[in-house]
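Read through the structure below, which is laid out as structure tokens, and then see the notes.
The values are calculated or read from the model by the stated rules, or taken from the named source; none is laboratory data. Since the structure is predicted, the reported quantities are computational estimates derived from the model, not experimental observations. Heads up, the Cβs are rebuilt from the backbone with ideal geometry, glycines too, and the neighbour counts pull from every protein chain shown. Each accessible area value is taken on the protein alone, full model and side chains, heavy atoms only, with ligands, DNA and RNA left out. Shrake-Rupley method; radii C 1.70, N 1.55, O 1.52, S 1.80 Å.
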Amino acid sequence: MTLFAALRLPQEILFGKGQRHALPTVAARLGRRALICTDERLAGTGVFAELVKALEAASIDFLIHDGVQPDVPADSVSVCVEYARDFDPEMVIGIGGGSCLDMAKCAALLLTHGGKLKDYYGEYKVPGPTIPVIAIPTTAGTGSEVTPVAVISDAERTLKVGISSPYLIATAAICDPELTMTCPPGLTAVAGADALTHAIEAFTAARRGTDHALAQNHVFIGKSALTDHFALLAIKLLGRSLEKACKDGSDEDARAEVMMGALAAGCAFGTAGTAAAHAIQYPAGALTHTAHGLGVATMMPYVMNYNLSASISEMSEIGTALGLATPDLDEKQLAIAAIEEIGRLFAAIGITRTLADLGLAQDKLDWTAEQAFGIDRLIKNNPRPFDLEAMKRLVKAAYDGDLAASAI
């Protein structure tokens with residue numbers, strides 16, 4: 001058997017209750033001046049005040065940019081960078097949800113290399129290392145604390161765009177599940193469903209071969225032995241704890257498992273990549289102005305059913321990770337049970353069931369399919385190939401809520 005694997009992660013990942021208190025020590029190893037990127041809401045909390053007070057006590061100077069907006073408008077990054085340039089930070093600390101972490105990565109990029117953000121859209125456009133980034137997530141979903149990508153919105157483009165480079169991986173990720181305890185049920189559900197989708201798509205991603213040049217020319221390279229390990233861990237943890245965390249936000253064990261699941265999913269898809277559910281969400285989300293996690297989770301059961309014929313083994317392993325395996329289920333039955341369980345779980349936490357429920361207009365179905373089919377980096381990662389007509393059928397099935405039609 002020939003094993004192939006690739007993995008790119010932060011230099012340091014700290015996970016657990018109270019780990020946020022390690023921030024001053026971690027930061028002090030990187031410098032004495034920190035730009036802090038967060039949003040206005042979080043900047044007004046006691047937890048944030050506690051963190052900056054600890055930095056102060058460690059003699060670390062800081063400049064706070066609390067203007068992070070959802071989906072990180074490209075122009076807002078320029079505002080942050082100009083605000084911070086004279087301060088000349090030696091590191092950037094992102095504290096908050098995925099947008100705050102992506103802002104931190106983009107700010108570090110422009111403070112180091114200059115230019116405009118659009119100069120770096122795509123893969124491998126970042127010319128070298130940036131000043132260090134410390135990522136401290138307060139939601140459990142995007143996995144941005146460990147991934148090589150920053151997603152932003154550009155007013156000149158209909159769809160959101162990504163900057164993908166190993167140089168964007170944070171130097172340190174500090175993941176403290178206590179920071180998620182006040183996350184409301186709706187956000188917990190959407191973020192957690194996003195993470196579970198990351199894990200499923202990473203685990204079922206195409207195998208792209210063992211060419212030594214693959215990982216040197218592409219950031220996302222399909223599934224491998226190491227990404228599979230993290231993906232299955234994420235599926236196991238999220239499968240058993242996401243619903244609990246949504247129903248009872250004070251459940252510390254559930255919160256910890258959901259945050260660990262989101263982290264593990266990020267470790268998986270940060271190298272393996274995602275696939276068709278994400279490809280369809282980009283245009284669908286642009287048209288409906290709905291949360292990314294809501295869109296990808298809405299698509300996930302339909303995409304799993306489309307991929308079933310090409311991924312029965314992987315789907316059955318997902319079923320095992322979800323705790324569904326019994327002696328009377330064969331491999332295909334277990335795979336089908338996994339798809340049904342993902343649909344049940346997402347419905348139970350309030351994920352929309354169809355693209356129609358998401359608000360997508362019927363006359364935009366073909367446009368959505370055409371745009372999704374054109375996102376090659378995601379489509380080529382899907383285990384079952386697409387042509388445009390197959391994509392149109394899948395989008396129509398997800399619009400109609402016809403799971404059976406998604407496999408045709």
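Quick notes on this structure:
- Residue tally, condition part of a strand (DSSP E or B) and modelled with pLDDT of 95 or more, over the range 152-187: 6
- Some residue of the range 226-248 being assigned to a loop (DSSP other than H, G, I, E, B), of a type in the set (Val, Ile, Thr) and in contact with a Phe, Trp or Tyr (Cβ under 9 Å, 6 or more places away or on another chain): no
- Inspection of the range 40-48 identifies no residue that is closer than 21 Å to Ser165 by Cβ and either crowded, with 18+ Cβ neighbours inside 10 Å or of a type in the set (Asp, Glu) (or both).
Conditions (1) touching a residue at least 60 places away in the same chain (Cβ under 8 Å); (2) out of contact with any Asp or Glu (no Cβ under 6 Å at 6 or more places or on another chain); (3) in a helix (DSSP H, G or I), marked per residue:
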residue: Gln281; (1), (2), (3): no, yes, yes
residue: Gly285; (1), (2), (3): yes, yes, yes
residue: Met300; (1), (2), (3): yes, yes, yes
residue: Ser309; (1), (2), (3): yes, yes, yes
residue: Ser313; (1), (2), (3): no, yes, yes
residue: Ser316; (1), (2), (3): no, no, yes
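- Filtering the range 249-273 to residues that are assigned to a loop (DSSP other than H, G, I, E, B) and either more than 13 Å from the chain's Cα centre (by Cα) or surrounded by fewer than 24 Cβ atoms within 10 Å (Cβ to Cβ) (or both) leaves Gly249, Ser250, Asp251.
- Every pair of residues 6+ apart whose Cβ atoms lie under 7 Å, when the first sits in the range 101-123 and is under 15 Å from Glu156 (Cβ atoms) while the second is crowded, with 24+ Cβ neighbours inside 10 Å and modelled with pLDDT under 95: Leu117/Ile152
- Complete set of residues in the range 336-366 that are exposed (fewer than 15 other Cβ atoms within 10 Å of the Cβ), part of a helix (DSSP H, G or I) and not charged (D, E, K, R): Ala347, Ala348, Gln362
- Where a residue in the range 178-194 is more than 26 Å from Thr274 (Cα to Cα) and of a type in the set (Asp, Glu) and its partner, wherever it lies, is in a loop (DSSP other than H, G, I, E, B) and open to solvent by less than 50 Å² (accessible area, probe 1.4 Å), with Cβ under 9 Å and at least six apart: Glu178/Gly18
- Only one of Ala155, Ala172, Ala107, Ala140 that is hydrophobic (A, V, I, L, M, F, W, C) and closer than 17 Å to Arg8 by Cβ: Ala172
- Output for the range 131-145, where each listed residue is crowded, with 24+ Cβ neighbours inside 10 Å and over 14 Å from the mean Cα position of the chain (by Cα): Val133, Ile134, Ile136
- Checking each residue in the range 314-335 for being open to solvent by less than 20 Å² (accessible area, probe 1.4 Å) and of a type in the set (A, V, I, L, M, F, W, C) picks out Met315, Ile318, Leu334, Ala335.
- The strands (runs of 3 or more DSSP E) found entirely in the range 1-104 that carry 1 or more residues being modelled with pLDDT of 95 or more and basic (Lys, Arg) are 33-37.
- Criterion: at pLDDT 95 or above and closer than 19 Å to Thr180 by Cα - qualifying residue of Ala245, Ala284, Ala268, Ala272: Ala245
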